[in-house]
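All remarks here apply to the structure that follows.
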């Protein structure tokens, strides 16, 4: 029988953690026997009733997992709308009350999640976002697009100027690489806002790619968006809403804001794709 | 196979094995029902479940990984006619 030592150790430690059977007993048994026999013939280890019950539960979980795995094989999580993306991120961010957490879901060409990563965590009022780290992950997993998300521990749901600026900064970096930023979800408690639904996702790069860390926070800048009047004034001044709504697909808006992308969006300023020093 | 029934079964088994409270179990069950068991184990570290629960879930994951990666039935040549 072939075994891989690191896996075996983790397996035995896992058994110890879950069942309470001593590691020494397990290790000693595994020297001359198939470790999997612990699950099939636990009485060989002289376990007590409680440990036996735990092993039984573990076997049930393994059996169910293997069965479900084969049925789930094709069930990758796919984002087809902002609400789906939000429903994915809300459970992951709503419970985080003591810090800002910035996450990215890296998606394939069909908008299925390749992987999701916590890219940074900060204090209760702010976090730093490191574009180089996001770039590394994006290139590693060969993603086609991404959805970014973070939480507002303070509970305010309106995007701050910093939230919008970080989105623009990432678009500046990723659009030339043909990687779309589909949405930026902000979670506050169990509520959320989608910058795409709000018409605040820039369609084009605006500036040269800037890889410096970005400070992100509800109250990072004085010009925080506190109420609807200030919010609309800010949006109008920046020219975001008019430009973006004009470019949004009418059909997309009509069909419950199904996810669009930036792949067909042009780049206003042509950037040479510089060699990126990582 | 009734997938929902299997989800219910695995959630119940996890609750009993990990000895977790109803609130945590409900969180886990919601996630599994929405995103599946494979995605749950891939993303479980992203859920705020407490250190102890995370440790036990990691133990389950390590066991599942071992079973996936260690095949005790290797060997034997191709069928010959």
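Every number in this text was worked out from the coordinates using simple rules, so none of it is lab data. Just so it is clear, the structure is predicted and the values come from calculations on it, not from any experiment. Backbone-built Cβ (ideal geometry, glycine too); neighbour counts: all protein chains shown.
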| note | Using eta = 0.692 mPa s and T = 37 °C, Stokes-Einstein with Kirkwood Rh from Cα pairs puts D for region B:3-66, in µm² s⁻¹, at 280
| request: Pull out a ≥ b ≥ c, the square roots of the eigenvalues of the alpha-carbon gyration tensor of region A:107-197, then state rounded if a/c is under 1.5, prolate if not and a/b is larger than b/c, and oblate in the remaining case. | output: prolate
| remark: Output field shielding_mean for A:116-123 (other chain Cβ, 10 Å radius) holds 1
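Could you calculate the FRET efficiency of residue A:71 with residue A:208 from 1/(1 + (r/R0)^6), where r is the beta carbon distance between them and R0 is 35 Å, rounded to 0.05?
About 0.15, to the nearest 0.05.
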| said: Let's test the formula: R0 of 25 Å, r as the Cβ-Cβ distance of residue A:125 and residue B:34. What FRET efficiency results, to the nearest 0.05? | reply: 0.25
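Take the Cβ-Cβ distance between residue A:142 and residue A:84 as r, set R0 to 25 Å, and report the resulting FRET efficiency rounded to the nearest 0.05. Present the calculation step by step, with values, prior to reporting the outcome.
Numbers: r = 22 Å, r/R0 = 0.89.
The pair residue A:142/residue A:84 has a calculated efficiency of 0.65.
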| Fewest first, what order do A:50, A:101, A:196 take by the number of other Cβ atoms within 10 Å? | A:50, A:101, A:196
| field | Average partner coverage of A:142-148, which counts Cβ from other chains inside 10 Å | value | 0
| note | When B:40, A:106 are arranged by how many other beta-carbons sit within 10 Å of their Cβ, fewest first, they go A:106, B:40
| Over region A:5-72, one equal point on each Cα, no solvent: what is log10 I(q)/I(0) by the Debye formula at q = 0.11, 0.14, 0.17, 0.26 Å⁻¹? | -0.26, -0.42, -0.60, -1.19
| request: Measure off 7 Å from each Cα along the Cα-to-Cβ vector at residue A:32 and residue A:133, then give the distance between these two points in nanometres to one decimal. | output: 5.0
| task | Taking 7 Å along the Cα-to-C-beta vector as the label spot, tell me the residue B:54-residue A:161 distance in nanometres, rounded to one decimal. | result | 3.5
| said: How tilted is helix B:22-35 with respect to the longest principal axis of chain B? Cα atoms for both, answer in degrees (0 to 90, nearest 10). | reply: 50
| remark: Per-residue Cβ contact counts at 10 Å, fewest first, order B:68, A:165 as B:68, A:165
| task | Could you state, as a whole-number percent, how many of the C-alpha pairs of region A:163-210 are farther apart than 12 Å? | result | 59
